[in-house]
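Take a look at the structure below.
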Amino acid sequence: MKYSLIQCVNGNFSVVSEHSDVNAGIVRFHQVSASLWNAPDVITARLNLVDENLYVVDGKYTEVIDRTEPEA
């Protein structure tokens with residue numbers, strides 16, 4: 001099976017990487033997730049590791065970042 005790491009950062013979609021080994025995809029997921037959390041210019045982001053059917057791997061490899069200010 002093939003796996004893709006996809007992201008939407010501040011409204012911009014992209015494929016970060018593609019893998020034939022799920023473990024390599026999981027490692028890359030954690031690396032990119034840490035980078036997004038550490039980037040001060042990231043306001044909103046979603047990161048998903050998906051299989052070739054676009055299902056999130058094990059239903060758990062998804063990360064959401066939302067730094068928008070709550071409305072008063």
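Could you give every pair whose Cβ atoms fall below 8 Å, whose first residue belongs to the stretch 20-33 and is part of a helix (DSSP H, G or I), and whose second residue is loosely packed, with under 13 Cβ neighbours inside 10 Å and not acidic (Asp, Glu), counting only separations of at least 6 or pairs across chains?
Close Cβ pairs satisfying both conditions: 22/1.
Which residue is surrounded by the most Cβ atoms within 10 Å (Cβ to Cβ), if the candidates are limited to the stretch 43-60 and must be out of contact with any Ser or Thr (no Cβ under 9 Å at 6 or more places or on another chain) and assigned to a loop (DSSP other than H, G, I, E, B)?
Looking at residues that are out of contact with any Ser or Thr (no Cβ under 9 Å at 6 or more places or on another chain) and assigned to a loop (DSSP other than H, G, I, E, B), I get 55.
Got at least one residue in the stretch 40-52 being among the small types (Gly, Ala, Ser) and on the phi < 0 side of the Ramachandran plot?
Among the residues of the stretch 40-52, at least one is among the small types (Gly, Ala, Ser) and on the phi < 0 side of the Ramachandran plot, which makes the answer yes.
If you scan the stretch 30-72, which residues turn out to be charged (D, E, K, R) and closer than 19 Å to residue 12 by Cβ?
41, 46, 63, 66, 67 - these are the residues of the stretch 30-72 that are charged (D, E, K, R) and closer than 19 Å to residue 12 by Cβ.
Laboratory data are not the source of any read-out in this text; all were calculated from the coordinates shown. Just so we're clear, the structure is a prediction, and the values are computed from it rather than from any experiment. Reconstructed Cβ throughout: ideal geometry from the backbone, glycine too, with neighbour counts over all protein chains shown.
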